[in-house]
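**Q** Here it is: the structure, laid out below.
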Amino acid sequence: RISPVPLAEMGGLKLGGVLLVVFLVGTGAFHTPYRPEKSRHFDASKSSSFSAITDKVFDLHYADGSHLRGFNGVDQIWIGDYKTEAPFGVITDCNSPDFNGVDGILGFGLPKAGEEGRELPTPVLFAMTDQENKMSNARDLTRKFSFFSTDTDAEVQLGGFDPATTVGEMWYTPCLSENDFIVGVTSLKFGHTWDDSQQLLEFTDPVDEPFLPSIMDSGTSCLVMPGDSLGGKLKNVPFNDFTNLWEEGKSFWVGIGGRQWQVPFSSWFLARTNQTCVQPSPAGMQGLLIGDVFFRSFMVEFDMTQRERPIIGMAPLNLDYRPVGSSQLGNFELHHAPITKLQLLRGEETMFPAEHTERLTQVDQIPIFNKKGTQYFMDVGVGTPRQPFTVIFDTGSAVFGVFVVKHDLPLAIKRQLPSDIMGGDLDALEQISGSSVFSLFAGAGSGYSSGALIAALVVLNVSALALVAALFRRRAGKVAFGGEHSAAYQEC
């Protein structure tokens with residue numbers, strides 16, 4: 001995970017308008033333990049509709065050392081005004097204090113390919129909108145969602161977006177991968193105005209419109225830019241240039257699809273908590289992460305109606321709009337991406353404005369709780385009768401899961417679970433540091449699975465991007481598997 005860093009903790013010294021920063025690489029160990037008593041837990045014995053799938057066991061690692069482990073289950077799931085029967089993750093073990101006080105995680109990401117996709121539960125939004133799912137009242141919901149944030153609140157909109165949340169047109173560009181929300185960034189400028197801004201991405205070979213793959217991820221707090229020259233792909237080190245140019249009031253301009261998207265100082269520097277939301281990428285990552293700093297300036301729509309090529313829509317956020325306080329259903333003018341035009345593009349070349357119809361589309365607006373502008377939480381329900389939970393909302397993950405107390409599971413389920421699940425100790429879960437994770441993938445070769453290869457995020461070309469999705473992304477590819485029915489995944 002990438003979180004904002006208070007100035008006093010950055011190991012840096014601010015001299016005039018220049019911020020000198022020394023980043024210390026941690027070991028990945030947590031000083032604060034995970035406290036399960038602070039979370040609510042799903043009680044499988046009290047849900048008449050719960051079914052355990054004990055032969056599908058997951059083992060999720062995060063680059064900061066977080067570790068989630070559990071098995072799959074199926075039950076009734078409530079999100080906003082919608083209910084569906086869907087698979088989900090039953091989380092038996094956790095070692096990270098990031099989950100203290102919350103009850104699980106809600107990933108709105110894309111399904112994964114290959115063995116990884118077969119082991120993990122079907123993403124809940126896909127299960128809800130499956131036309132064959134007779135247990136869902138969201139079968140006719142358009143398979144898209146939109147998300148934005150303010151300093152104190154946030155909102156997700158299922159089925160499209162409310163035009164009242166934006167000013168100006170929604171512009172669309174296709175993703176560079178069918179498994180991740182990746183767009184091509186052709187430039188990153190920093191300054192007080194566009195005219196005096198300095199380019200932070202100085203490509204060594206500017207021929208053929210070079211770009212860097214960039215993941216749109218609400219689960220990442222910051223703008224994460226290269227901390228080195230990417231093996232010579234760049235003539236400069238973008239993060240070093242940023243620290244040398246650091247000054248209050250400056251903005252970023254992110255070049256996506258031939259348009260420039262301004263991220264103002266108020267979005268990347270959180271004055272309330274004195275935190276800078278800009279960080280360097282670890283060695284081995286050759287792209288960018290566009291985190292919450294972007295969602296505080298723009299409404300972003302994630303369109304998954306075209307399974308082979310997801311589409312990202314962006315529009316300036318209406319700063320006068322106030323997020324809803326409770327779930328609300330509404331019908332709004334249908335805005336949709338110009339599919340025919342977008343199918344002709346590689347993805348990073350240009351963007352097209354939305355096409356409009358007189359038809360209305362149903363949109364469910366759901367409030368999200370915003371913690372210091374960096375973490376987002378949504379209320380959901382699981383089981384029959386419904387058991388309420390508050391979970392972390394994350395566009396970069398495909399996993400929906402809630403915690404259980406494994407020793408309180410029904411005896412029939414415990415007998416079917418592998419011994420490493422039932423015998424494991426929360427405090428004994430391995431903590432993997434970010435640096436060791438990237439060392440692991442630095443030597444990935446042809447002997448690794450395709451899941452491991454897509455986790456490297458090495459920039460090749462557009463045709464190869466399906467294989468190189470994102471190591472640094474919070475929910476990336478597969479690392480190894482530890483048994484006949486278990487799978488361990490590296491998440492960042």
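**Q** For the cross-link pairs 46/83; 144/406; 46/112; 112/235; 112/189, which exceed 27 Å when the distance is taken from alpha carbon to alpha carbon?
**A** From 46/83; 144/406; 46/112; 112/235; 112/189, over 27 Å: 144/406; 46/112; 112/235; 112/189.
**Q** Right, something else. Under 5 Å between amide H atoms, partner at least 5 residues away or on a different chain: which partners does residue 318 have, H built in plane at 1.01 Å?
**A** Sorted by chain and number, the residues that satisfy this are 166, 167.
**Q** Could you give me the ³J(HN,Hα) list for the range 225-240, computed from phi with Karplus coefficients 6.51, -1.76, 1.60 and θ = phi - 60°, whole Hz, x at Gly and Pro?
**A** After applying 6.51 cos²θ - 1.76 cosθ + 1.60, I find 10, x, x, 8, 8, 6, x, x, 5, 10, 7, 10, 10, x, 5, 4 Hz.
**Q** On to the next question. Given Cα pairs under 8 Å that are at least 6 residues apart, what percent is the relative contact order of the range 122-171?
**A** This gives 23 percent for the range 122-171.
**Q** Here's a follow-up. Mind ranking 159-166, 185-192 by how tightly packed they are, going by the mean number of other C-beta atoms within 10 angstrom, highest first?
**A** 159-166, 185-192
**Q** Based on alpha-carbon centroids, what's the gap between the range 292-327 and the range 226-261 in Å, whole number please?
**A** So the separation of the two Cα centres works out to 24 Å.
**Q** Using amide H atoms built 1.01 Å from N in the peptide plane, name the residues 5+ places from residue 397, or on other chains, whose amide H lies under 5 Å from its own.
**A** Amide H to amide H, under 5 Å and 5 or more residues apart or across chains, residue 397 pairs with 108, 109.
**Q** Order of 80-87, 412-419 by packing, highest average Cβ count within 10 Å first?
**A** 80-87, 412-419
**Q** Also, quick follow-up: Taking 8 Å as the Cα distance limit and 6 or more residues as the minimum spacing, I'd like the relative contact order of the range 57-147 as a percentage.
**A** 26
**Q** Need the full-extension length gain, residue 169 to residue 328, defined as separation in residues times 0.36 nm minus the C-alpha distance. One decimal, nm.
**A** Stretched out fully, the residue 169 to residue 328 stretch lengthens by 54.9 nm.
Any read-out appearing in this document is the output of simple, stated calculations on the displayed coordinates, not a laboratory observation. The structure displayed is predicted, hence computed values, not measured ones. With ideal geometry, Cβ positions are generated from the backbone for all residues, glycine too; neighbour counts draw on all protein chains shown.
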